[in-house]
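Student: Okay, handing you the structure first.
The values are calculated or read from the model by the stated rules, or taken from the named source; none is laboratory data. Given the structure is predicted, the values throughout are model-derived calculations rather than measurements. Here the Cβ positions follow ideal geometry from the backbone for every residue, glycine too, while neighbour counts run over all protein chains shown.
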Amino acid sequence: MTSLFAFLHHLAAFTLVAALAIEFGLSRGVLTIDKARAFLRADQIFGISAGILLVVGLARVFYFEKGSTYYFHSIPFIAKISLFAIVGLLSVYPTVQSLSWRSSLKSATVPPVGPEKMQRIRSIIHFELAGVVLIILCAVLMARGIGTF
């Protein structure tokens, strides 16, 4: 069972990164109907994978692996959870923006999004990706037992 949860955790993490990378690519240039639809789908996949990642990750902490006492005495784990929360909060703006495009997309028109707003979305996604890189670093440090107290 431990291996299954480890697999699900990694699968959700890789899916999250892929969805975020797709959003980053789609946020480049002029927004079209097809790009807006794809962005909305990628953002949905990002949200679903983040939810799965959180649930499976918490199950691993409390029911599998080394136990919650170990993890909550690990600075990299605490940093990892904090960074996950920050990335989640950062993702709110692109999600709210893409959800606001639905009415335009239903009427088959390009959502009215200016280049400044798309650049802001792209910048936020860039910060999310940087946060994910730091999360991966924390995961490595945590797995090696570095920073436990």
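Student: Does segment 107-128 include one or more residues that are within 20 Å of residue 52 (Cβ to Cβ), not aromatic (Phe, Trp, Tyr) and not in a helix (DSSP H, G or I)?
Tutor: Scanning segment 107-128 turns up no residue that is within 20 Å of residue 52 (Cβ to Cβ), not aromatic (Phe, Trp, Tyr) and not in a helix (DSSP H, G or I).
Student: Okay, moving on. Of everything in segment 138-147, what is surrounded by fewer than 14 Cβ atoms within 10 Å (Cβ to Cβ) and of a type outside the set (D, E, K, R)? Give them in sequence order.
Tutor: Hits for segment 138-147 are 140, 143, 145, 146.
Student: Quick check on my filter: what residues within segment 100-114 are among the hydroxyl-bearing types (Ser, Thr, Tyr), over 25 Å from the mean Cα position of the chain (by Cα) and surrounded by 12 or more Cβ atoms within 10 Å (Cβ to Cβ)?
Tutor: Listed by number, the residues that qualify are 104, 109.
Student: Name the pairs whose Cβ atoms lie under 7 Å apart, with the first residue in segment 29-55 and within 28 Å of residue 136 (Cβ to Cβ), the second among the β-branched types (Val, Ile, Thr) and in a helix (DSSP H, G or I), and 6 or more positions between them or separate chains?
Tutor: From residues that are within 28 Å of residue 136 (Cβ to Cβ), the pairs are 42/22; 43/95; 45/15; 47/95; 49/15.
Student: I'd like the full set of residues that are surrounded by 15 or more Cβ atoms within 10 Å (Cβ to Cβ) and not small (Gly, Ala, Ser), limited to segment 73-85.
Tutor: Selection gives 76, 77, 78, 80, 81, 83, 84.
Student: Still on this structure, please answer the following. Which condition breaks for residue 25 when tested against (1) at pLDDT below 95; (2) under 17 Å from residue 119 (Cα atoms)?
Tutor: (1)
Student: Next question, about the same structure. Is it true that residue 97 is loosely packed, with under 14 Cβ neighbours inside 10 Å and assigned to a helix (DSSP H, G or I)?
Tutor: Criteria not met by residue 97.
Student: I need the full set of residues from segment 1-55 which are surrounded by 14 or more Cβ atoms within 10 Å (Cβ to Cβ) and either of a type in the set (S, T, N, Q) or not in a helix (DSSP H, G or I) (or both), in order please.
Tutor: 15, 27, 31, 44, 49
Student: Shifting gears a bit: Test residue 91 against the criterion of being modelled with pLDDT of 95 or more, buried (at least 18 other Cβ atoms within 10 Å of the Cβ), within 26 Å of residue 117 (Cβ to Cβ) and over 11 Å from the mean Cα position of the chain (by Cα), and give yes or no.
Tutor: No.
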